[in-house]
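Notes follow once the structure below has been shown.
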Amino acid sequence: MRALNLRSLWTGLVLLAAALGARPVHASLYWYAGVQGSTPSVCFVGDALTSRPARVQQVVDYIRDFERVANIRFNVLGTCPAPTVLANGNHWHGGDIRVVIPGTSSAFSGRVPGNGCPMFLDAAGNYTGENNHGGSWSNSPADLATHRGCRHNLKLGDDADALGVPWKDHTLHEFGHALGLRHEHERNDVHFSLCSASGYGGGANSGFITPYDRYSVMHYEFLGCGIHGNYGHAGPSSWDALALHIMYPEPVRVAEFVGRTVIRTTEALNLTSAWGARGANLSFAASAFSWKLSAVTYSTSSGLVTWLGAGTYPLQFSHSDFLGRTYAYSGTVKVLTPADFTKQVVAPVATRLPLL
């Protein structure tokens with residue numbers, strides 16, 4: 001009953017957003033709503049730090065899972081700063097991700113506080129009542145500027161397991177939205193042959209960073225299909241991690257590949273994009289591949305397979321991602337005769353192996 005109620009609440013929010021012309025609150029499924037900076041600030045509204053310090057710390061501990069898989073470093077501010085009052089009387093709230101949790105001095109449901117906050121208002125500026133519930137939600141990165149007048153932009157409930165421990169994956173689910181990810185179960189390539197539950201599958205037909213992922217924290221719970229989704233404690237799946245790694249790269253964006261760059265003349269040079277090797281949907285996630293050896297282009301696909309004579313070849317590998325950012329790698333490929341390979345690679349390695 002719990003999961004059904006939450007899904008019904010989310011459905012109401014999605015219908016409201018569509019009616020108002022807003023983005024529906026939908027991982028590895030891109031939301032088409034941008035990304036945060038690599039150090040998004042996080043704060044908690046009201047007296048959360050004093051009235052519920054353990055829950056605040058738990059949320060902070062949970063979201064560190066995202067820091068371990070991508071170049072994201074949450075700047076935890078503590079209590080959200082007081083708003084700046086603009087010349088027109090509207091509020092401007094600092095903090096990129098402003099979290100409200102239940103049981104604090106800040107109202108958990110109802111109209112979102114803040115002068116100039118447009119959330120859950122109709123065309124005439126009247127509150128619609130659509131936030132009069134305990135369900136959780138989050139804004140997208142693209143909503144940051146337009147919702148600066150809102151006291152909070154992420155609402156996180158206390159949904160918990162049988163022991164009363166709030167679900168880690170529910171927290172990660174809402175923060176995943178704040179980072180730019182959409183609901184995984186809304187894809188049109190879900191496994192209908194394995195699950196036919198109501199609400200499973202949707203109209204999303206693009207933005208696929210990886211194949212469909214039933215283990216994603218961005219998935220809803222469908223227990224009849226063995227899918228725990230956002231009601232679990234597993235943390236990001238391997239494809240969640242890959243999607244966030246792609247969405248939030250290191251400041252120096254290196255084109256990553258797998259394969260050996262020291263080979264024999266009797267074998268082919270075989271290199272391929274590491275994103276593809278990890279399961280990324282490269283038809284969406286990456287483009288403009290270029291592999292050059294000695295300044296000559298050998299491949300414009302995600303991989304390079306070629307035969308080379310003995311010698312040392314400068315290697316340049318580059319590509320772009322779906323947000324138009326470029327990645328590059330420069331190194332060398334060394335091709336040795338079998339005899340030289342044995343002398344320069346096999347023998348030195350053998351001398352370093354421990355004696356049994």
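Taking a ≥ b ≥ c as the square roots of the Cα gyration tensor eigenvalues, with a/c under 1.5 meaning rounded and otherwise prolate when a/b beats b/c, else oblate, which class fits the range 128-198?
oblate
Ignoring ligands, DNA and RNA, what percent of the accessible area of the range 144-217 is carbon or sulfur (1.4 Å)?
Percent of accessible area from carbon and sulfur atoms in the range 144-217: 54.
What is the pair-distance distribution P(r) of the range 35-123, computed from all Cα-Cα distances in 5 Å bins starting at 0, with each bin given as a whole percent?
All Cα pairs considered, the percentages come to 3, 13, 20, 21, 19, 15, 7, 2, 0.
If you average 1/r over every pair of different alpha-carbon atoms in the range 167-248 and take one over that average, what Kirkwood value in Å do you get?
12.6 Å
Give the lysines reachable from Lys334 as a straight Cα distance under 23 Å; neighbours fewer than 8 places away on the same chain don't count.
Of all the lysines, those that pass the test against Lys334 - Cα under 23 Å, at least 8 places apart if same chain - are Lys292, Lys343.
Let me know the charge dipole size of the chain about its Cα centre in debye, to the nearest 20, where only the beta-carbon of Lys, Arg (+1) and Asp, Glu (-1) is charged.
It works out to roughly 680 debye.
Along the Cα→Cβ direction, 7 angstrom out, place labels at Ser198 and Leu121. What is the inter-label distance in nm?
With each label point 7 Å from Cα toward Cβ, the separation is 3.4 nm.
Taking 2.2 N^0.38 Å as the expected size of a compact globular protein, what ratio does the Cα radius of gyration of the range 184-304 give against it, to two decimals?
After normalising by residue count via 2.2 N^0.38 Å, the value is 1.34.
Given a cut-off of under 8 Å on Cα pairs at least six residues apart, what relative contact order in percent is computed for the range 81-144?
Computed over the range 81-144, the figure is 23 percent.
Would you please classify the overall shape of the chain from the alpha carbon gyration tensor, given that a ≥ b ≥ c denote the square roots of the eigenvalues, rounded means a/c under 1.5, and beyond that prolate means a/b larger than b/c while oblate covers the rest?
prolate
Multiplying the sequence separation of Arg325 and Thr266 by 0.36 nm and subtracting their Cα-Cα distance, what value in nm do you get?
Once the chain is fully extended between Arg325 and Thr266, it gains 17.5 nm.
What number comes out for accessible area per residue over the chain if the probe is 1.4 Å? Units Å², please.
Dividing the accessible area of the chain by its residue count gives 44 Å².
If you find the alpha carbon centre of the range 255-275 and of the range 298-356, how far apart are they in angstrom?
The two parts, judged by their Cα centres, are 5 Å apart.
Under the classification rounded if a/c is under 1.5, otherwise prolate if a/b is larger than b/c and oblate if not, where does the range 243-320 fall, given a ≥ b ≥ c as square roots of the Cα gyration tensor eigenvalues?
Prolate shape, in that a/c is at least 1.5 and a/b is the bigger ratio.
Multiply the residue gap between Leu163 and Thr50 by 0.36 nm, knock off their C-alpha separation, and tell me the result in nm, one decimal place.
Result: 38.3 nm gained on full extension.
Roughly what % antiparallel, to the nearest 5, for the DSSP beta bridges in the chain?
For the chain, the DSSP antiparallel bridge percentage is about 70.
Within the range 89-109, whose backbone N sits under 19 Å from a point 7 Å along Cα→Cβ of Asp61?
Only 101-102 fall inside the zone, counting backbone N under 19 Å.
Give the calculated FRET efficiency between Ala145 and Thr297 to the nearest 0.05, with a Förster radius of 45 Å applied to their Cβ-Cβ distance.
Efficiency, from the Cβ-Cβ distance: 0.65.
Between Ala82 and Ser109, what FRET efficiency comes out of the Förster formula 1/(1 + (r/R0)^6) with R0 = 30 Å and r the beta carbon distance, rounded to 0.05?
Efficiency computed from Cβ-Cβ geometry: 0.85.
Given labels modelled 7 Å from the Cα in the Cβ direction, how far is it in nm from Val305 to Val346?
If labels sit at Val305 and Val346, their model points lie 2.5 nm apart.
The values are calculated or read from the model by the stated rules, or taken from the named source; none is laboratory data. On a predicted model such as this, the values are computed, not experimentally measured, just so you know. Positions of Cβ are generated from backbone atoms using ideal geometry, with glycine treated the same way; all protein chains shown enter the neighbour counts. Protein only, heavy atoms only, side chains kept; ligands, DNA and RNA dropped before computing areas. Shrake-Rupley method; radii C 1.70, N 1.55, O 1.52, S 1.80 Å.
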